[in-house]
Amino acid sequence: MSKRGGADDKALALAKGKRIRGAEDVLKKVQALAAQLKNSKEVEKTLAELDLPYNCREVVDKDGEDVMGEIEAAMYSVAASILEGEGFAFDVPSRAKGNQMYVPELDRIVLRDAVSKRPFASTATCRKAAVTTRILGLVHELLGKNIHVTKRDLFYTDVKLFEDQSQSDAILDDLACMLGCTRSSLNVVASEKGVVVGRLSFREDGDFIDCQRMGVGGKAIPPNIDKVTDITSDASFILLVEKDAAFMRLAEDRFYNTYPCIILTAKGQPDVATRLFLKKLKSTLKIPVLALVDSDPYGLKILSVYMKGSMNMSYDSSNLTTPDIKWLGVRPSDLDRFDIPQQCRLPMTEEDIKTGRRLLEEDWVKSNPEWVRELELMLASKVKAEIQALSSFGFQYLSQVYLPLKLQEGDWI
């Protein structure tokens, strides 16, 4: 048995004869990437600086008084419309798929500025108009009291009207877009989902948090990122992990002690708080973000949400995206390179193949030849693999062989 605590000689041999050097040597290429990042003077472009042939809608953080003022103005406008005999209707920005655009200069998805009417008098939209009015009132109350609630709390204030939480959640996004503010400015947050562990400390609403002392479960990422201050770290990189199982393995193995890093996960599809937290870490610490996701189209879609934004929240992509994440693994080319057993490779479904082909048609994928090559390899082989496939060589193969070799070789794209 190797002294590396769990990765046996057979597992090391399966790394195709390559040997893992000491931690300092393993991290040389990561540190070079970090130095390059810190020395770069690239200024993030904004929509206002681009001469686009169409107008776009973006939102900004606003304080409670400003948002309350926007809500009151919206209701005055509705009241004036009713008094003028034109009826009760809201002008709501359209977040339809046809209005979502990828802008190469910004390297993210944006929302074109198009507005649709939501009249109360129409049978098709009267319920949505009622829900919109109710949620405007609830948000105004929250801001007036300066308190925060979860989206679930909001749903339970009027279950009969909202019917399903997905409906009240969608209206919240409509309202943020309509009022020109981020969703967090509405004082409605998602339940805690993401977790972080490793070489990171910060203050949360004044309380000191040391993420090295949070056990294998990690520290829940705060739903209100504005209360996170005094971020400090000696990490060389941030490791973004798709799944909770891989996060737990790395946390339990104290991977961050040998290879100084911050490890975080949203346990699947990324939530707003995790995306905001990642962006805040990246902009504060100026260290690389390396991503570990499943070798399948959905792993790449999850990664794309962190990097380019989601269609659903394209109006807030400037605040939610971290464009320069590096795809570390698990990549389709890794399956043969690391001799992943055939029984651990899963056949792609027809839906997987369709999703992969749609990804290949995305402009941001086309602009990266290495991503195209990996996706084409996946579609040609018609197989996928989860991060857990690495466990076929031993439970600690991920932390003691696979990741150290990938870091040592600078094998990211």
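The values are calculated or read from the model by the stated rules, or taken from the named source; none is laboratory data. From a predicted model like this one, the values you see are computed outputs, not experimental measurements. So basically every Cβ, Gly included, is an ideal-geometry build from the backbone, and we count neighbours across all protein chains shown.
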Selection status of residue 210, assigned by TED's automatic domain parsing to the domain that holds residue 258, without any contact (Cβ under 8 Å) to a residue 12 or more places away in the chain and surrounded by fewer than 21 Cβ atoms within 10 Å (Cβ to Cβ):
yes
Out of all the residues in the range 216-238, is one or more more than 30 Å from residue 361 (Cα to Cα), in a helix (DSSP H, G or I), in the same structural domain as residue 362 (by TED's automatic domain parsing) and of a type in the set (Asp, Glu)?
yes
How many residues does the range 239-262 hold that are under 21 Å from the mean Cα position of the chain (by Cα), assigned to a loop (DSSP other than H, G, I, E, B) and not charged (D, E, K, R)?
0
Only one of these is buried (at least 23 other Cβ atoms within 10 Å of the Cβ), in contact with a strand residue (DSSP E or B) (Cβ under 7 Å, 6 or more places away or on another chain), under 25 Å from residue 111 (Cα atoms) and at pLDDT 95 or above: 315, 306. Name it.
306
Count of the range 172-215 residues which are assigned to a helix (DSSP H, G or I) and touching a Leu at 6+ places or on another chain (Cβ under 7 Å):
6
Can you name the condition, by its number, that residue 278 falls short on among (1) surrounded by fewer than 21 Cβ atoms within 10 Å (Cβ to Cβ); (2) under 26 Å from residue 58 (Cα atoms)?
(1)
Matching option when the condition is buried (at least 17 other Cβ atoms within 10 Å of the Cβ) and among the basic types (Lys, Arg), among 62, 45
62
With the structure loaded, tell me whether residue 243 is at pLDDT below 95 and in contact with an Asp or Glu (Cβ under 6 Å, 6 or more places away or on another chain) or whether it fails that test.
no
If you go through the range 222-240 one residue at a time, how many are buried (at least 16 other Cβ atoms within 10 Å of the Cβ) and in contact with an Asp or Glu (Cβ under 7 Å, 6 or more places away or on another chain)?
3
All conditions in (1) assigned to a helix (DSSP H, G or I); (2) buried (at least 21 other Cβ atoms within 10 Å of the Cβ) are true of residue 384 except (1)
Out of the residues in the range 263-274 meeting the condition of being at pLDDT 95 or above and not in a loop (DSSP other than H, G, I, E, B), tell me which one is farthest from residue 345 (Cα to Cα).
274
Quick one: is residue 340 free of Cβ contacts under 8 Å to residues at least 60 places away in the same chain, of a type outside the set (Phe, Trp, Tyr) and assigned to a loop (DSSP other than H, G, I, E, B)?
yes
